[in-house]
Amino acid sequence: MLVVAPHVSWTDVLVLTAVAPAEFVARADLLDWGLLGALARRMRVITIERERLRLLPDVIERVHTRLVEGGRVAVFPEGTTRCGRSLGGFRPALLQAAVDAQCPVQPVGLRYGERGGELTAVPAFVGDETIGSSIRRMIRNRGVVVEVVLAPLEHPGRDRHDLAARCARAVRDERPVEAVTFLPVGGSPAGGAARTVDAA
């Protein structure tokens, strides 16, 4: 299965791993980020260098191979991180792997908010910010929670552009979804549909 989600922060990987462990396509310099880099190696991250697009076909082939082998791979098709208050378009290139493998695609929406439900940009990792300053901000703002929204599975079809558009619509709440909400630690999820976890 290919998992696709909007990209806000380095915390997205931790959140998605808590819901459904997967191998990730991630920026190559992640491997140099100390503890997070060590974790990335253990998770068999497929690295991508955004400034060297001529290497993209090799990345797509590696994703395709893992999908054909029965793996679950997660990608962030926006191609960059955003503040979390708005979504960018999904670039179709990496979704070609799902089209070639004819495997299902799971669109996942991620929303970071305050305990009261208001959206927050606290976890956003954008621009020239360092990983250290981002981690320090997350530690100072322990009231952040994250909601994970699992949209219906998408059939890959034959056109990666159409697939990317369908997945982008799905994570924007343009049709019914099944939501799994992460509650504050100590919360009591109704019916067992949610798991208790804190983003910070």
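The values are calculated or read from the model by the stated rules, or taken from the named source; none is laboratory data. Keep in mind it's a predicted model, so treat the numbers as computed, not measured. Cβ sites come from the backbone with ideal geometry, for glycine too, and all protein chains shown count toward neighbours. The protein model used for the area step is the full one, side chains on, heavy atoms only, and it has no ligands, DNA or RNA in it. Shrake-Rupley method; radii C 1.70, N 1.55, O 1.52, S 1.80 Å.
Summed over segment 117-151, the residues that are in contact with an Asp or Glu (Cβ under 8 Å, 6 or more places away or on another chain) and not aliphatic (A, V, I, L, M) give a count of 3. Close contacts from segment 20-47, counting a first residue that is surrounded by fewer than 15 Cβ atoms within 10 Å (Cβ to Cβ) and a second that is assigned to a helix (DSSP H, G or I) and at pLDDT 75 or above, with Cβ to Cβ under 9 Å and a gap of 6+ residues or different chains, come to R44/R66. Residue count for segment 155-171 under the criterion of being open to solvent by less than 10 Å² (accessible area, probe 1.4 Å) and touching a helix residue (DSSP H, G or I) at 6+ places or on another chain (Cβ under 6 Å): the result is 3. So, V122, is that one in a loop (DSSP other than H, G, I, E, B), surrounded by 16 or more Cβ atoms within 10 Å (Cβ to Cβ) and at pLDDT below 85 or not? So V122 passes the test.
What are the pairs, 6+ residues apart or on separate chains, where a residue within segment 148-159 that is farther than 20 Å from H7 by Cβ has its Cβ under 7 Å from a residue that is open to solvent by 20 Å² or more (accessible area, probe 1.4 Å) and not in a loop (DSSP other than H, G, I, E, B)? What qualifies is L153/Q106.
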